[in-house]
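Some notes on the structure that comes next.
Just so it is clear, none of the values below were taken in a lab; they were calculated from the coordinates. Just so it is clear, the structure is predicted and the values come from calculations on it, not from any experiment. Please note: Cβ atoms are built from the backbone with ideal geometry, for glycine as well, and neighbour counts cover all protein chains shown.
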Amino acid sequence: MGENGAPSGRRFDSLWGDSSVKKLCLALLAFAIIHAGTSGNAFGQAGQPAATSAAYGLQQGAVAELKEAQRELVSLAQAMPAEKYTWRPSEGVRSVAEVYLHVAAGNFGLTALAGVPPKPGFKFQGYEKSTTDKPQIIAQLNESFEFAENGISSLSDADLAKPIKWPDYPTVGDLILHIVAHAHEHLGQSIAYARMNGVVPPWTAAAQERAARRQQANPPTRPQD
Amino acid sequence: MKKPHLSLPVILALAVSCVASRAVAQASSQPADRTPPSYDMKPQSLLDLDDLHKKFVSLAQAIPADKYTWRPAPGVRSVSEVFLHVAGQNLRFASDLGTTPAPDFKSDGYEKSTTDKTKIIDQLNQSFDYAHAAIEKMANIDFRKPATKYGPDANAGDLVYLIVTHTHEHLGQSIAYARVNGIVPPWTAAQAQKQGQ
């Protein structure tokens, strides 16, 4: 009932007839609808967290780091003379070729463990010692990095939370972190192997060359007496 | 003066609007990301960093003090310089994650500041603890924070990734340094002993 006992419907009719009130109502409704849509958490069901994406784009980060490892490892493999591929720092330790193939095996095997369809014909056993041929190893390195990069890119955020059967890496996301760390650890090992054999990593050689050119173009000036 | 009278639809619209506004206010006064992410890289990166910490320190302990100045070729980092490079980068990266810079840490000349085995192991320990603490205090949403020093699109998550990959790279290098000097990494020796039993 209205203030004077008149039905509120009539008062509504008269107010609704007023265009400014009509606009106010529509604006308030629009505001309510828009904010109801953007404050999903407040309006969501209790105990049912909304499916948010990971705060950090793990897949993109992993692929960027893998691409860097690929670029450096492949250029290092190219710079290493073929006859050094069987060199090893001591007995029982992986040779140059075995380290490269170990990285490739990790890329193929671990990525498949993350739920990506495995590379047809790939067998982990014996793979590291399967060849010492430089061009074949470089091709395997490239193929394995592309396999890992494409495989990781194809995973959704929901895939990252899936469990895997490996106690050290309980989820797919944990395993991806390991795939990248694994490649970088053996990149560091391979750089040390190269240095021990007098090979300067190509990117370091290029940086040194650039620095030398800069110094040549701008020789240090003698201080004025 | 006539009092304005609001009908049911107007009151309803006001009520809905009030609830929505309150929800918006609540959302903005709290961290925006209150739901668990599909994957949170923090726990695994901390586990990984702790494992690296253990391996680096045990390797540094296994390498004899007189080998700390060994290097594979002139112009390449020596054993001690690699260890201090790792420690220095841990301190720098952690500081870039927003942690208060480590007191007394001077970036310039740090890698060549000492070849003393005990001091270097101490520096390694401190730097890993410092990096761990920096990541530990991050909330999930902090991983999105820009870290433009590392690239126009880089964020703190990239930096955490960099800490992990950088440290792994130099662990691989340090293992190779150890191996060429006839030193078996302690965790490999322990594993071999276990298998032999």
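What to note about this one:
- Take each residue in A:172-183, count the other chain C-beta atoms within 10 Å of its C-beta, and the mean is 5.
- Ordering of A:101-108, B:132-139, B:111-118 by packing is A:101-108, B:132-139, B:111-118, highest average first (other Cβ atoms within 10 Å, averaged per residue).
- For the range A:200-221, the residues whose amide N sits under 14 Å from a probe point set 7 Å from the Cα of A:Trp87 along the beta carbon direction are A:200-202.
- Ordering of B:189-196, A:77-84, A:166-173 by burial proxy (mean other Cβ atoms within 10 Å per residue, highest first): A:166-173, A:77-84, B:189-196
- Average other protein chain Cβ within 10 Å of Cβ, residues B:39-49: 6
- Residues with amide H under 5 Å from that of A:Thr171, placed H, sequence gap 5 or more: A:Ile164
- 10 Å Cβ neighbours from other chains, averaged over peptide B:162-168: 6
- Listed residue pairs exceeding 23 Å between alpha carbons, taken from B:Lys67/B:Lys119; B:Lys54/B:Lys119; B:Lys42/B:Lys145; A:Lys84/A:Lys129; B:Lys42/B:Lys149; B:Lys106/B:Lys145: B:Lys106/B:Lys145
- Sequence-ordered 3J(HN,Hα) estimates for the range B:51-63 from the Karplus curve with 6.51, -1.76 and 1.60 and θ = phi - 60° stand at 5, 4, 4, 4, 5, 4, 5, 5, 5, 4, 6, 6, 7 Hz, glycine and proline given as x.
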